[in-house]
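Report on the following structure.
The values are calculated or read from the model by the stated rules, or taken from the named source; none is laboratory data. Worth saying up front: this structure is predicted, and the values here are computed from it rather than measured. Cβ placement follows ideal geometry from the backbone for every residue including glycine, while neighbour counts extend to all protein chains displayed. To get the accessible areas, we keep the full protein, side chains included, count just its heavy atoms, and leave off ligands, DNA and RNA. Shrake-Rupley method; radii C 1.70, N 1.55, O 1.52, S 1.80 Å.
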Amino acid sequence: MAAGGLAGLLPAQTQLEYALLDADTAQEKENLVYQYLKKMDSRERDLTVPELGGDLQWLNTEGPISLHKDLCGKVVVLDFFTYCCINCLHLLPDLHALEHQYSDKDGLVIVGVHSAKFPNEKVLDNIKSAILRYNIVHPVVNDADATLWHELEVSCWPTLVILGPRGNMLFSLVGEGHREKLFLFTSITLKFYKERGQIKDNSIGIKLYRDSLPPSPLLFPGKVTVDDPGERLVIADTGHHRILVTRKNGQILHTIGGPNSGRRDGGFSEAAFNSPQGIAIKNNVIYVADTENHLIRKIDLELHTVTTVAGIGVQGVDKEGGAKGEQQPISSPWDVIFGSSISGTQEDGVLWIAMAGIHQIWALMLEGGKLPKGSDLKKGVCLRFAGSGNEENRNNAYPHKAGFAQPSGLSLAPEEPWSCLFVADSESSTVRTISLKDGAVKHLVGGERDPLNLFAFGDVDGAGINAKLQHPLGVTWDKKRKLLYVADSYNHKIKVVDPKMKNCATLAGTGEAGSVVGSSFTQSAFNEPGGLCVEESGRLLYVADTNNHQIKVLDLETKILSMALPILKPEACDVPDNLPVQKDKITNLPRLPKSAPNVQLPSLTVAPGQTIQFLLKLTLPPDSKLNEEAPSAWFITAEDNTWLLQGQCLTGEIKDVSCQTVIPFQLPGSCVSAEASLAIKACLYYCSKGSSACMMAGVSFSQPLQVTGTDQGSSAQVELIHTFITN
């Protein structure tokens with residue numbers, strides 16, 4: 001390769017760029033690019049890209065790809081990216097559109113060259129998750145040691161390099177926002193080399209990783225929040241492009257949007273989101289950071305409607321704002337939280353927005369009021385509150401002069417002496433504070449003093465600048481304990497910060513990606529947790545364990561990671577929410593055979609509103625299997641205590657006895673009696689593998705309950721174990 005890497009393209013391409021600025025028509029621009037290609041193609045020596053090492057790991061392909069063999073005869077777009085980078089994410093819609101217009105049959109192949117910023121991003125499984133999260137459908141190579149990056153002297157993310165059919169470098173585009181040039185350069189390059197007979201129409205062996213994934217109730221949930229009474233959770237089911245509202249036991253109350261991405265207001269079934277992240281709930285209203293639509297949406301749970309309150313649906317570049325929300329372009333909002341203006345008469349009159357795409361914190365005025373160091377603002381106005389828009393770790397007494405680096409999580413401590421917003425500033429690997437009195441931006445933990453150094457990351461417990469984080473995405477304030485919890489995403493940990501002492505320590509997680517529940521905090525495991533929230537009482541901490549596709553529940557008093565929240569479909573529930581139990585629903589439940597054993601369980605002491613998880617573990621006789629044609633099921637009855645069943649999920653399918661079935665049950669908040677009894681029953685239809693005979697078997701578990709007013713903890717787990725024997 002000619003020396004100098006991408007620098008070798010600069011003289012000729014710079015000339016072309018200036019000429020394009022003076023061109024008035026599309027035809028003039030196409031002619032200029034065509035003449036440029038003639039000049040580049042006739043060079044005595046190509047600027048060629050070195051072969052990718054054969055030992056590199058590839059994704060979305062049937063095997064390793066050779067640039068100079070498999071991609072000979074193709075126009076190749078190399079996308080140097082790292083999956084944490086918001087600018088790289090902004091480029092993906094352009095690449096999606098390009099590969100939609102030109103396929104490998106047309107002679108175009110896009111190859112993602114993943115060149116990690118953070119150590120966590122070098123791990124193949126984490127890149128797999130990112131490919132799924134962002135719907136990347138072209139080949140991706142894990143250049144973990146940045147070999148090609150250094151060979152070509154790439155200097156920033158993202159960088160695109162366009163190659164001709166000999167692996168000859170033709171163009172480079174640095175940063176985002178070059179869609180028009182990308183399409184112009186690519187289309188003319190294809191035309192130029194087709195005329196010369198150098199384009200091949202063979203297919204490249206694509207094998208999408210997403211096609212091998214089993215279905216999951218949640219897909220890359222990014223954020224989770226809980227309402228003030230602590231009865232409802234709101235989950236941003238980001239990969240399914242929807243918002244779920246559930247009970248504490250995981251039973252779905254509302255599904256809003258999904259499963260496909262889109263941009264539509266309207267009723268819950270017709271509304272559409274695109275990779276939503278942050279959510280905030282107050283009473284029956286939810287605000288949503290609809291990240292890849294570049295919108296803020298409002299969900300009304302009473303009217304069952306979704307409306308747009310900020311953004312125009314395309315990525316904005318305005319770093320000041322000030323227009324009415326629905327006329328104001330915004331960029332990749334990642335989190336939202338309610339707050340109050342300093343002059344407003346109404347609590348929660350401001351929606352604070354972590355505007356990751358332009359490295360700022362914005363405000364949407366839900367009521368008229370005034371922001372710190374600002375003037376009076378009318379209801380509906382959306383504008384910048386803090387951050388210059390430069391990607392920096394810069395603290396300053398003047399909020400507009402401070403700098404953030406992809407702020408991705410927000411939490412609020414309105415009480416004295418804090419009176420601040422906490423910001424998870426992901427790309428600087430810091431947590432910062434913004435005063436709600438004067439707007440001053442200060443450092444809390446992580447990072448380092450040089451505001452331009454965005455590589456001061458690690459996994460170190462300590463105070464202030466001595467503590468190190470790795471790309472934290474979420475924060476939540478525990479007002480009971482006066483502590484801040486941090487989703488230290490790339491360290492796969494939850495950390496706790498004492499803002500008074502500026503001390504940061506590991507609360508949960510081993511530091512290795514995994515999924516462990518039912519264990520102490522120190523033995524538990526997460527995989528890039530993206531969001532978290534603590535209930536009003538301070539007992540439970542909910543974590544959006546993003547790459548595990550789960551919501552984890554941590555009990556802050558027992559220090560046990562008690563469970564992964566089961567997500568129960570509403571159609572599996574026979575009793576509508578908030579309605580009395582209907583007798584016909586009970587009579588429609590299956591009857592167990594008279595021979596079914598009745599297992600008496602020890603009495604369980606519980607409190608109103610408490611959740612019980614029944615873990616059903618059944619074993620069939622040897623050489624037997626469930627009959628797939630017959631509906632094996634579990635169901636719950638309470639003959640003399642039907643008040644227990646109000647609003648409960650009364651029945652569900654049993655599809656596989658090789659793993660336990662989780663049956664959640666939540667006691668009513670108001671209990672009629674101090675003593676009660678539940679029956680949990682299972683009815684199975686199974687066949688002997690060596691015979692065509694099908695049998696029915698059942699078992700009933702009787703669970704006495706002692707109801708006390710004393711809090712018994714977040715949840716109880718009861719094992720229901722039975723082995724069926726052949727008659």
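Numbers for the structure displayed
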{"read-out": "Matching residues, region 197-245, being free of Cβ contacts under 8 Å to residues at least 60 places away in the same chain and within 30 Å of LYS69 (Cβ to Cβ)", "value": "GLY197, ASP211, SER212"}
{"read-out": "All positions within region 520-532 that are touching a residue at least 60 places away in the same chain (Cβ under 8 Å) and either outside any loop (DSSP other than H, G, I, E, B) or open to solvent by 40 Å² or more (accessible area, probe 1.4 Å) (or both)", "value": "GLY531, LEU532"}
{"read-out": "Whichever residue in region 421-436 is part of a strand (DSSP E or B) and open to solvent by 10 Å² or more (accessible area, probe 1.4 Å) and, among such residues, is farthest from LEU452 (Cα to Cα)", "value": "SER435"}
{"read-out": "Some residue of region 243-261 being more than 30 Å from PRO668 (Cα to Cα) and in contact with a strand residue (DSSP E or B) (Cβ under 6 Å, 6 or more places away or on another chain)", "value": "yes"}
{"read-out": "Residue match in region 454-470 (condition: among the aromatic types (Phe, Trp, Tyr) and open to solvent by 10 Å² or more (accessible area, probe 1.4 Å))", "value": "yes"}
{"read-out": "Test: residue in region 687-695 that is farther than 24 Å from LEU253 by Cβ, touching a Ser or Thr at 6+ places or on another chain (Cβ under 7 Å) and of a type in the set (Gly, Ala, Ser)", "value": "yes"}
{"read-out": "Residues within region 532-564 that are in contact with a helix residue (DSSP H, G or I) (Cβ under 9 Å, 6 or more places away or on another chain) and farther than 16 Å from LYS495 by Cα, tallied", "value": "4"}
{"read-out": "Single match in VAL486, VAL517, VAL445 (criterion: open to solvent by 40 Å² or more (accessible area, probe 1.4 Å) and in contact with a Lys or Arg (Cβ under 8 Å, 6 or more places away or on another chain))", "value": "VAL517"}
{"read-out": "Where PRO602 falls short, out of the listed (1) modelled with pLDDT of 90 or more; (2) open to solvent by less than 70 Å² (accessible area, probe 1.4 Å); (3) not in a strand (DSSP E or B)", "value": "(2)"}
{"read-out": "Enumeration of residues in region 157-196 that are in contact with a His (Cβ under 6 Å, 6 or more places away or on another chain) and either free of Cβ contacts under 8 Å to residues at least 60 places away in the same chain or farther than 20 Å from VAL137 by Cα (or both)", "value": "GLY167"}
{"read-out": "Contacts under 7 angstrom Cβ, first residue in region 474-491 being assigned by the TED database to the domain that holds THR433 and free of Cβ contacts under 8 Å to residues at least 24 places away in the same chain, partner part of a strand (DSSP E or B) and open to solvent by 10 Å² or more (accessible area, probe 1.4 Å), 6 or more apart", "value": "LEU483/VAL496; LEU483/ASP498"}
{"read-out": "Residue list for region 139-153, restricted to those being in a loop (DSSP other than H, G, I, E, B) and either open to solvent by 10 Å² or more (accessible area, probe 1.4 Å) or not assigned by the TED database to the domain that holds LEU52 (or both)", "value": "ALA144, ASP145, ALA146, GLU153"}
{"read-out": "Pairs with Cβ under 6 Å, 6+ apart, first in region 102-118 and in a helix (DSSP H, G or I), second open to solvent by less than 30 Å² (accessible area, probe 1.4 Å) and of a type in the set (Val, Ile, Thr)", "value": "ASP104/ILE204"}
{"read-out": "Selected residue [open to solvent by 30 Å² or more (accessible area, probe 1.4 Å) and in the same structural domain as VAL234 (by the TED database)] from SER375, SER332, SER341", "value": "SER375"}
{"read-out": "Filtered residue count, region 17-52, keeping only those that are without any contact (Cβ under 8 Å) to a residue 12 or more places away in the chain and among the basic types (Lys, Arg)", "value": "1"}
{"read-out": "Which numbered condition ALA280 misses (of (1) open to solvent by 30 Å² or more (accessible area, probe 1.4 Å); (2) under 26 Å from ALA356 (Cβ atoms))", "value": "(1)"}
{"read-out": "Filter result for GLU326 (within 24 Å of GLY257 (Cβ to Cβ), surrounded by fewer than 22 Cβ atoms within 10 Å (Cβ to Cβ) and of a type in the set (D, E, K, R))", "value": "yes"}
{"read-out": "Criterion (surrounded by fewer than 21 Cβ atoms within 10 Å (Cβ to Cβ) and either assigned to a helix (DSSP H, G or I) or modelled with pLDDT of 95 or more (or both)) met by exactly one of PHE183, PHE192", "value": "PHE183"}
{"read-out": "When residues of region 605-663 are limited to those that are closer than 17 Å to PRO704 by Cα and open to solvent by 40 Å² or more (accessible area, probe 1.4 Å), the one modelled with the lowest pLDDT", "value": "ASP640"}
{"read-out": "Elements of type strands (runs of 3 or more DSSP E) in region 647-701, at least 2 residues being among the small types (Gly, Ala, Ser)", "value": "675-688"}
{"read-out": "Residue count, region 191-230 (criterion: in contact with a helix residue (DSSP H, G or I) (Cβ under 6 Å, 6 or more places away or on another chain), more than 30 Å from PHE273 (Cα to Cα) and charged (D, E, K, R))", "value": "1"}
{"read-out": "Test: residue in region 248-256 that is modelled with pLDDT under 95, over 23 Å from SER129 (Cβ atoms), open to solvent by 10 Å² or more (accessible area, probe 1.4 Å) and part of a loop (DSSP other than H, G, I, E, B)", "value": "yes"}
{"read-out": "Single unsatisfied condition, ILE199 versus (1) at pLDDT 95 or above; (2) open to solvent by 10 Å² or more (accessible area, probe 1.4 Å); (3) assigned to a helix (DSSP H, G or I)", "value": "(3)"}
{"read-out": "Matching strands (runs of 3 or more DSSP E) fully within region 272-350 where at least 3 residues are under 26 Å from CYS88 (Cα atoms)", "value": "285-290, 295-300, 333-339"}
{"read-out": "Residue tally, condition in contact (Cβ under 8 Å) with a residue 12 or more places away in the chain and open to solvent by 20 Å² or more (accessible area, probe 1.4 Å), over region 295-312", "value": "9"}
{"read-out": "Residue that is surrounded by the fewest Cβ atoms within 10 Å (Cβ to Cβ), among those in region 4-32 that are small (Gly, Ala, Ser) and part of a helix (DSSP H, G or I)", "value": "ALA26"}
{"read-out": "Top-ranked residue of region 155-180 - restricted to ones that are part of a loop (DSSP other than H, G, I, E, B) and either touching a Leu at 6+ places or on another chain (Cβ under 6 Å) or closer than 15 Å to VAL76 by Cβ (or both), ranked as most open to solvent (accessible area, probe 1.4 Å)", "value": "ARG166"}
